[in-house]
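S.K.: Quick one: the structure is below, questions incoming.
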Amino acid sequence: MLDYIWLIPIFPLAGAAIQLFFGRRLPNKVVSAVSVGLPGLSFLWAVGCFVQFLGLSENYHHVFAKPLYTWLPAGAFHLSNGSMGNLNVNVGMQLDPLSCVMMLVVTGVGFLIHVYSIGYMAHEGGYYRFFGYLNLFMFSMLVLVLADNYLMMFVGWEGVGLCSYLLIGFYFLRKSASDAGKKAFIVNRIGDAAFLLGVMLMVVTFGTLDFQHITEAARSPHLQVGGGIITTICILLFIGATGKSAQIPLYVWLPDAMEGPTPVSALIHAATMVTAGVYMVARSNALFALSPTALALVAGIGAATAIWAASIGLVQNDIKRVLAYSTVSQLGYMFLACGVGAFTAGIFHLMTHAFFKALLFLASGSVIHALSGEQDMRKMGALKSKIPTTYWTLAVAALAISGIPPLAGFFSKDEILWQSFAGPYGHTLLWAIGWITAGLTAFYMFRLIFMTFWGQSRVPHEVEHHIHESPRSMLIPLVTLAALSIVGGFVGMPKSLLGGEWFGKFLDPVFEGNPVVPLHEYGQGMEYFLTGLSVVTAIAGISIAYLMYVRQPALSERMAAVFTGLHRVLLHKYYVDEIYDALFVNRVKDLGSALAAFDLGVVDGGVNGVGWSTRMSGEFTRLWDTWVIDGLVNVLGFVVKILSWPARIVQTGLVQNYAWFITMGVMAFMVYYLLH
Amino acid sequence: MIPTEYYLFLGTGLFTIGVIGVLTRRNVLIILMSIELILNAVNINLMTLSQYFKSVDGQVFAIFVITDAAAEAAVGLGLIIALFRNKETVNADEIDLLKW
């Protein structure tokens, strides 16, 4: 099966091709069968490849490489430091523990979301288009995670960006949706520009773009590179990651991306696309390990983003917005983990987050579906008895994200917090920010639960009559993801809790070989203390939310009245969008206007001028023709008239005149002959 | 007897009067009469010189001239009548259709 590993991305590509070429004519049932069956096939194949991979070598050391086709046979060339580079970029795939994890998460969670979409999108127009784009996204994401070099990864990177644009703007007739799609793509592009610069720097520094070769070169003791080159490369790559994975300063597109259908938010903006940045940083761990500056930047931005986004999520009223900011915040955690050198913890959190965040989005989609499209939590309430399955799956996800043991989120989040406290590049401040954010996370998640499902019903009357539980196609993925959120954390059970740390052992071969920096020396007790502190904080957050939204609902409004300024700033997301508009967006639009004025005035003016001068030269020709040419002809006629005057005046028409002329002639002859 | 020059002067005088009449008079009938005058002046000259040269040729030629004058007068009158039918006038200076 491993030999045909390239089938894993090809299955969804085939689905996309079928939908986008023929989908219009196919009935919905066929579209569903094709577009959900093929990713399902991908998942099964991925599981098969994973099992085969496990058997390949002792400690999963061996990287299975499958080059398919030589794309850029650029060949050998000299680098500035004298060595030879060999830039042969292949279309190829590689399977190592890291890409195994990513592949399984993408195909597994992706497949569940495809199943969910059958029920969710059943009554929407453009059914085939949705599944075509979704399949195209799966293809691009799988290319991204299975690529064996940076350029192939970039192809997948761009592909997911494109699909994100297409899917966010799925309801393109709504202006806010098409604007959001544009915003996502443009902001992403800014990150991509930095990413590409980083890739170019890598070419001139290492002479190659293969992951294997760069990792080897970075870890070799013979590496001779200039001062800040590695740091620059890492920072540029990370800026690309901030664009794709919605960190400060390029996160602004993700909340707007909620305009897309809910399965899109679940798949792209929770489980997979936004994690591409984290995957990329983890993949480049050898480079980052060489540059503590870059790691510090990653950790700093990750932590800052985590608490920034969590604070905004505290007061949002749209259920999907809360989840969007939660995603940004949790991605911050993942980057925090990578930045303190705990790449394994970051990927672990990526996996558990995929489970519970996808579940959160899908379940909230179920709520929205039940309420016929209502997304404002102020118009919800007392739903837990009416949509029970949705309720308890959402509750499981909320418990998981809040870090309540023994659910999945507890293990991954705790590992990150411990590493940021005690890890090689950790710092108490980073831990503190992470810890406070965990409290805020628990609070806003349970605020969401309590406002939506508990308390008094604030649902408008007409909507209330139609409340119904979702169909099985939507509920089964919810339950599956809930199960994964419960047990998913056990694969990474840390030693301190008597676990086997299988996840860490599995990923070790990818990250070992980096220069070893020892953990700060703390006793066992510190780890238990911090773990207990996190759990207590989470429970405190849940309790405060319970108090404010179930026991005394008026309390939340009173707090908003007391802290009006702060509340307004948070509600308006710190006015970041407005600041960006004033600083950048409107300046670019002004440039556009200036260029348009130039085009209209100068360029079109020139063209019009040429037309005018052609017309003027026609005028000149006309005058020449009228005055000079015709003038000559007229003068000729005039001259003839003048010269013929003597001959004319003789013709009087009077016979007597003619007789007189004859007489004169005779007399002249007579005079002549008489005189001679 | 009467010297020959007197007859020739008479002939010349009548001829000149006739020419002046043709050239000057307005009424086309008067022009015709003037033409007759010219022809008669020529006849007198012919007769005179016939007498002077003691030859009959002059007199014979004069008979021809008289016949010719009669025919010409008939044609001329026919022309005048045709002209009058078209132009309603007998004034020579009003007939200038061939003016440029």
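S.K.: Within the range A:121-139, track down each residue that is assigned to a helix (DSSP H, G or I) and out of contact with any Asp or Glu (no Cβ under 8 Å at 6 or more places or on another chain). Let's see the steps before the verdict.
M.R.: So the first thing to find is which residues in the range A:121-139 are assigned to a helix (DSSP H, G or I), and the list is A:127-139.
Correct list: A:TYR127, A:TYR128, A:ARG129, A:PHE131, A:GLY132, A:TYR133, A:LEU134, A:ASN135, A:LEU136, A:PHE137, A:MET138, A:PHE139.
S.K.: Considering each of A:ALA65, A:ALA74 in turn, give the residue that is surrounded by fewer than 21 Cβ atoms within 10 Å (Cβ to Cβ) and without any contact (Cβ under 8 Å) to a residue 60 or more places away in the chain.
M.R.: A:ALA74
S.K.: Also, I was wondering about something else. Given the condition away from chain B (no Cβ under 14 Å) and over 60 Å from the mean Cα position of the chain (by Cα), answer yes or no: does some residue in the range A:612-620 qualify?
M.R.: yes
S.K.: Which one of the conditions (1) free of Cβ contacts under 8 Å to residues at least 12 places away in the same chain; (2) over 12 Å from the mean Cα position of the chain (by Cα); (3) away from chain A (no Cβ under 14 Å) does B:TYR7 fail to meet, given that it meets all the rest?
M.R.: Just one mismatch for B:TYR7, condition (1).
S.K.: Could you list, in sequence order, all residues of the range B:30-53 that are more than 14 Å from chain A (Cβ to nearest Cβ) and within 19 Å of B:LEU83 (Cα to Cα)?
M.R.: B:MET33
S.K.: Now, a different point. Name, by its number, the condition in (1) outside any helix (DSSP H, G or I); (2) within 26 Å of the chain's Cα centre (by Cα) that does not hold for A:GLY23.
M.R.: Condition (1) is where A:GLY23 drops out.
S.K.: Which residue pairs have Cβ atoms closer than 7 Å, lie 6 or more positions apart in sequence or on different chains, and pair a first residue in the range B:60-75 that is over 13 Å from B:VAL42 (Cα atoms) with a second residue that is in a helix (DSSP H, G or I)?
M.R.: Close Cβ pairs satisfying both conditions: B:ALA73/B:LEU32; B:ALA73/B:GLU36.
S.K.: I'm trying to understand the selection: among the residues of the range A:522-555, which are part of a helix (DSSP H, G or I) and without any contact (Cβ under 8 Å) to a residue 60 or more places away in the chain?
M.R.: Kept after step one, since they are part of a helix (DSSP H, G or I), are these residues of the range A:522-555: A:524-551, A:554-555.
Residues satisfying the conditions are A:GLN524, A:GLY525, A:TYR528, A:PHE529, A:GLY532, A:VAL536, A:SER543, A:LEU547, A:ARG551, A:ALA554, A:LEU555.
Every residue, every condition in (1) touching a Pro at 6+ places or on another chain (Cβ under 8 Å); (2) within 14 Å of A:LEU209 (Cα to Cα); (3) modelled with pLDDT under 80, yes or no:
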residue: A:SER57; (1), (2), (3): no, no, yes
residue: A:PHE64; (1), (2), (3): no, no, no
residue: A:LEU68; (1), (2), (3): no, no, no
residue: A:ALA74; (1), (2), (3): no, yes, yes
residue: A:ASN86; (1), (2), (3): no, yes, yes
residue: A:GLY92; (1), (2), (3): yes, yes, no
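S.K.: Residue by residue through the range A:241-254, note down the ones that are in a helix (DSSP H, G or I) and either without any contact (Cβ under 8 Å) to a residue 60 or more places away in the chain or farther than 15 Å from A:ALA194 by Cα (or both). Walk me through it before giving the result.
M.R.: Taking the range A:241-254 first, the residues in a helix (DSSP H, G or I) are A:241-244, A:253-254.
The answer is A:THR242, A:GLY243, A:TRP253, A:LEU254.
S.K.: Give A:ILE186, A:ILE190, A:ILE118 a once-over and let me know the one that is in contact with a Gly (Cβ under 8 Å, 6 or more places away or on another chain), surrounded by fewer than 24 Cβ atoms within 10 Å (Cβ to Cβ) and assigned to a helix (DSSP H, G or I).
M.R.: Numbers: A:ILE186 fails: in contact with a Gly (Cβ under 8 Å, 6 or more places away or on another chain); A:ILE118 fails: in contact with a Gly (Cβ under 8 Å, 6 or more places away or on another chain).
On inspection, the qualifying residue turns out to be A:ILE190.
S.K.: Among the listed residues A:ALA17, A:ALA33, A:ALA46, which satisfies the condition of being surrounded by fewer than 20 Cβ atoms within 10 Å (Cβ to Cβ), within 26 Å of the chain's Cα centre (by Cα) and either on the phi > 0 side of the Ramachandran plot or assigned to a helix (DSSP H, G or I) (or both)?
M.R.: On the way: A:ALA33 fails: within 26 Å of the chain's Cα centre (by Cα); A:ALA46 fails: surrounded by fewer than 20 Cβ atoms within 10 Å (Cβ to Cβ).
A:ALA17 is the lone residue from the list that is surrounded by fewer than 20 Cβ atoms within 10 Å (Cβ to Cβ), within 26 Å of the chain's Cα centre (by Cα) and either on the phi > 0 side of the Ramachandran plot or assigned to a helix (DSSP H, G or I) (or both).
The rows are residues; the columns are (1) modelled with pLDDT of 90 or more; (2) surrounded by fewer than 24 Cβ atoms within 10 Å (Cβ to Cβ); (3) not β-branched (Val, Ile, Thr).
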site	(1), (2), (3)
A:SER284	yes, no, yes
A:ALA289	no, no, yes
A:ALA299	yes, no, yes
A:ASP318	yes, yes, yes
A:GLN330	yes, no, yes
A:PHE335	yes, no, yes
A:PHE355	yes, no, yes
A:LEU359	yes, no, yes
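S.K.: What about A:ALA266, is it modelled with pLDDT under 90 and small (Gly, Ala, Ser)?
M.R.: In short, no.
S.K.: Taking the range B:14-27, which residues are assigned to a helix (DSSP H, G or I), within 9 Å of another protein chain (Cβ to nearest Cβ) and more than 10 Å from the chain's Cα centre (by Cα)?
M.R.: Answer for the range B:14-27, where residues must be assigned to a helix (DSSP H, G or I), within 9 Å of another protein chain (Cβ to nearest Cβ) and more than 10 Å from the chain's Cα centre (by Cα): B:LEU23, B:THR24.
S.K.: Right, another one. With part of a helix (DSSP H, G or I) and more than 21 Å from A:MET664 (Cβ to Cβ) as the only criterion, which of B:ILE2, B:ILE30 stands out?
M.R.: B:ILE30
S.K.: Given the conditions (1) surrounded by fewer than 18 Cβ atoms within 10 Å (Cβ to Cβ); (2) touching a residue at least 60 places away in the same chain (Cβ under 8 Å), report the number of the one that A:MET103 does not fulfil.
M.R.: (1)
S.K.: Which condition breaks for A:GLN456 when tested against (1) surrounded by fewer than 23 Cβ atoms within 10 Å (Cβ to Cβ); (2) in contact (Cβ under 8 Å) with a residue 60 or more places away in the chain; (3) in a helix (DSSP H, G or I)?
M.R.: Here A:GLN456 clears every test but (3).
S.K.: Then there is this: Please determine whether any residue of the range A:173-180 is of a type outside the set (Asp, Glu), surrounded by fewer than 19 Cβ atoms within 10 Å (Cβ to Cβ) and assigned to a loop (DSSP other than H, G, I, E, B).
M.R.: Checked the range A:173-180: at least one residue is of a type outside the set (Asp, Glu), surrounded by fewer than 19 Cβ atoms within 10 Å (Cβ to Cβ) and assigned to a loop (DSSP other than H, G, I, E, B).
S.K.: Look through A:ILE579, A:ILE642, A:ILE629, A:ILE662 and report the one residue that is surrounded by fewer than 10 Cβ atoms within 10 Å (Cβ to Cβ), assigned to a helix (DSSP H, G or I) and either within 14 Å of another protein chain (Cβ to nearest Cβ) or at negative phi (or both).
M.R.: Details: A:ILE579 fails: surrounded by fewer than 10 Cβ atoms within 10 Å (Cβ to Cβ); A:ILE629 fails: surrounded by fewer than 10 Cβ atoms within 10 Å (Cβ to Cβ); A:ILE662 fails: surrounded by fewer than 10 Cβ atoms within 10 Å (Cβ to Cβ).
The unique qualifying residue is A:ILE642.
S.K.: Please specify each residue of the range A:197-215 satisfying the condition of being within 25 Å of the chain's Cα centre (by Cα) and either surrounded by fewer than 18 Cβ atoms within 10 Å (Cβ to Cβ) or among the hydroxyl-bearing types (Ser, Thr, Tyr) (or both).
M.R.: A:LEU197, A:MET200, A:LEU201 - these are the residues of the range A:197-215 that are within 25 Å of the chain's Cα centre (by Cα) and either surrounded by fewer than 18 Cβ atoms within 10 Å (Cβ to Cβ) or among the hydroxyl-bearing types (Ser, Thr, Tyr) (or both).
S.K.: Within the range B:64-100, restricting attention to residues that are outside any helix (DSSP H, G or I) and aliphatic (A, V, I, L, M), which residue is surrounded by the fewest Cβ atoms within 10 Å (Cβ to Cβ)?
M.R.: B:LEU97
S.K.: Of (1) of a type in the set (Gly, Ala, Ser); (2) under 12 Å from the mean Cα position of the chain (by Cα); (3) not in a helix (DSSP H, G or I), B:SER55 satisfies all except one. Which?
M.R.: (2)
S.K.: Is there any pair linking a residue in the range A:202-214 that is of a type outside the set (S, T, N, Q) and at pLDDT below 85 to one that is surrounded by fewer than 22 Cβ atoms within 10 Å (Cβ to Cβ) and in a loop (DSSP other than H, G, I, E, B), with Cβ under 6 Å and at least six apart or on different chains, and which?
M.R.: A:GLY207/A:LEU79
S.K.: Follow-up. Please enumerate the residues belonging to the range B:64-95 that are over 16 Å from B:ILE31 (Cα atoms) and within 14 Å of chain A (Cβ to nearest Cβ).
M.R.: B:LYS87
S.K.: Consider A:TYR673 carefully, then state whether it is over 30 Å from A:ASN317 (Cα atoms), in a helix (DSSP H, G or I) and away from chain B (no Cβ under 14 Å).
M.R.: Yes.
S.K.: For the condition out of contact with any helix residue (DSSP H, G or I) (no Cβ under 6 Å at 6 or more places or on another chain), surrounded by 13 or more Cβ atoms within 10 Å (Cβ to Cβ) and under 17 Å from A:PHE443 (Cα atoms), what is the one hit in A:MET548, A:MET559?
M.R.: Result of the check over A:MET548, A:MET559: A:MET559.
The values are calculated or read from the model by the stated rules, or taken from the named source; none is laboratory data. As the structure is a computational prediction, the values presented were derived from the model and not from experiment. Cβ: placed from backbone, ideal geometry, glycine included. Neighbour counts: every protein chain shown.
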